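Every number in this text was worked out from the coordinates using simple rules, so none of it is lab data. Computed from a predicted model, the values in this text were never measured in an experiment.
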Amino acid sequence: MRITSCRFERAAARAADEPIFPGADIIFMGRSNVGKSSLINRLLGVKGLARTSSSPGRTQTVNFYYVNDRFFFVDLPGYGWARVPEAIRRSWKPMIEGVLERRRDRIVLGVLVIDARHPPSELDQAMLDWIEAEALTYVVVATKTDKLSGNEKRKSREALESAYLKRGVHGAALFVSAETGDGMRELWRYIDAALTEKGCSRAVRRGS
Ligand code: GTP
Ligand code: MG
């Protein structure tokens, strides 16, 4: 897809702040510090659009980026980082769940971002449970692959695939790097397809 425009639209901490003008949502979720905001910047080709940080818990609101005046990239606060104060963690859960519930009908693709160096955590599995229960089209994106050797990458792929096989879910995992840009073209294909299908099919993407 050609990006003709993209802008930071709004940071929302409560329902009333969420933008509701026409369009679909592509929602980025995953553990804190995994690289969601970096991935958004790389996909849009704008460094620094979404704020990133080497310390977990950077994104503390739900941040909306409006692309081509047509759809939102929604950057969720990351879950599951022990060092984030308990009070903040407690406020994130309803914030994340609220957005997912309120905007369910607009969400055309869930991008579940995980660290390619680690197998999916229990919280990732819980997120996947929700995604599957909602029959949301999704893609699991294993990022930071630039930190892996060829052999480690192969092992990581096997670990991820076996995690899926256990769940009875097939494929649909992409390996990417926001650092090098690897895998961006492929991820855009999923995003394009989901936007094209908007309103037509809500079936879970099983990969190909
Ligand atoms: P929260 O907002 O806390 O949920 O984190 P996040 O998931 O948005 O992560 P963020 O994009 O802020 O990245 C966290 C750290 O990982 C930063 O130091 C990034 O530079 C680094 N990072 C993100 N993606 C990559 C990648 O593909 N390769 C490498 N080497 N580093 C990455
Ligand atoms: Mg972030």
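A few remarks follow.
- Kyte-Doolittle mean at least -1.0 and Cα axial length at least 20 Å: DSSP H helices in the chain: 86-102
- Highest-fluctuation residue, Arg14, Arg90, Arg42 considered, GNM on the chain with Cα pairs under 10 Å: Arg90
- Note that the stretch 49-59 has calculated 3J(HN,Hα) couplings of 5, 9, 6, 10, 7, 7, 9, x, x, 5, 8 Hz, one per residue in order, obtained from phi through the Karplus relation 6.51 cos²θ - 1.76 cosθ + 1.60 (θ = phi - 60°); glycine and proline are x.
- For the chain, the tally of Lys pairs with Cα-Cα distances below 27 Å comes to 20, considering only residues 8 or more apart or on different chains.
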